[in-house]
Amino acid sequence: MTIHIRPATVADAELILRFIVELAVYEKAGDQVAATADTIAASLFGPGTPARALICEADGEPVGFAVYFFNYSTWQAKKGLYLEDLYVSPSSRGRGAGKALLRHLAALAVEEGCGRFEWSVLDWNQPAIDFYLSIGALPQDEWVRYRMHGAALRDFAAGQAA
């Protein structure tokens, strides 16, 4: 199997949406996908977007994708690479596509002078956790991730904190 990773283009918006839906279903959140091909095209490929995407192909067929962006570490005074999503279709898992995507992203982080390459994983996704541990990634147990979205975000921004 020949694996090739390439930058995604606006023509990949439908494909990326398909992968996003597959990932959401796997993560038991299929009903939470609000993205459309149009919003993906605008948010990943429009002017000023911070996000970037990669397509992973095996023998010329798309088998996965990754979405990432650069963030910043004040402690290191360096940018970092944050992996928002990585997904490989179930039929292509175990053949090196996921590792190739991660290695490609790690190389981008090194090339860009990043001090870190980070991502999150659901605590119940043991196959992913085991995979990440096998490549030398370590969990950051001392940090708890917080999120504000939807009405809570809008209310807080408007000064209507709970």
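The values are calculated or read from the model by the stated rules, or taken from the named source; none is laboratory data. None of these values were measured; they are calculated from a predicted model. Glycine gets a Cβ as well: all are built from the backbone with ideal geometry, and neighbour counts include every protein chain shown. To get the accessible areas, we keep the full protein, side chains included, count just its heavy atoms, and leave off ligands, DNA and RNA. Shrake-Rupley method; radii C 1.70, N 1.55, O 1.52, S 1.80 Å.
Projecting the Cα atoms of S91, T9, L81 onto the charge dipole of the chain (Cβ charges, centred on the Cα centre) puts L81 farthest toward the positive pole.
Taken as Cα centroids, the range 70-87 and the range 1-54 sit 19 Å apart, rounded to the nearest whole angstrom.
On the beta carbon distance between W75 and W124, with R0 = 35 Å, the FRET formula returns roughly 0.70. Helix-only arithmetic for the chain: the sum of -39500 (n - 2.57) across DSSP H runs with n ≥ 4, divided by the residue total, places the mean residue ellipticity at 222 nm at -10500 deg cm²/dmol.
Mean Kyte-Doolittle of at least -0.5 plus a Cα span of 15 Å or more along the axis: flag which DSSP H helices in the chain meet both, please. Counting only whole DSSP H runs, the qualifying helices are 13-26, 97-111.
Solvent exposure of the chain, expressed per residue, is 64 Å² of accessible area, with all protein chains present and a 1.4 angstrom probe.
If you plug the beta carbon distance of Q140 and S43 into 1/(1 + (r/R0)^6) with R0 = 41 Å, you get a FRET efficiency near 0.95.
About the centre of its Cα atoms, the chain shows a dipole size close to 320 debye [charges on the beta carbon of Lys, Arg (+1) and Asp, Glu (-1) only; nearest 20 debye]. Highest mean first, the peptides 132-142, 35-45, 49-59 sorted by other C-beta atoms within 10 Å per residue fall in the order 49-59, 35-45, 132-142.
Would you mind calculating the relative contact order of the range 63-162 from Cα pairs under 8 angstrom and at least 6 residues apart, reporting the percent as a whole number? Dividing the mean separation by the residue count of the range 63-162 yields 22 percent. Computed in the context of the full set of protein chains, the accessible area of the range 1-57 at 1.4 Å probe radius has 58% of its extent on carbon or sulfur.
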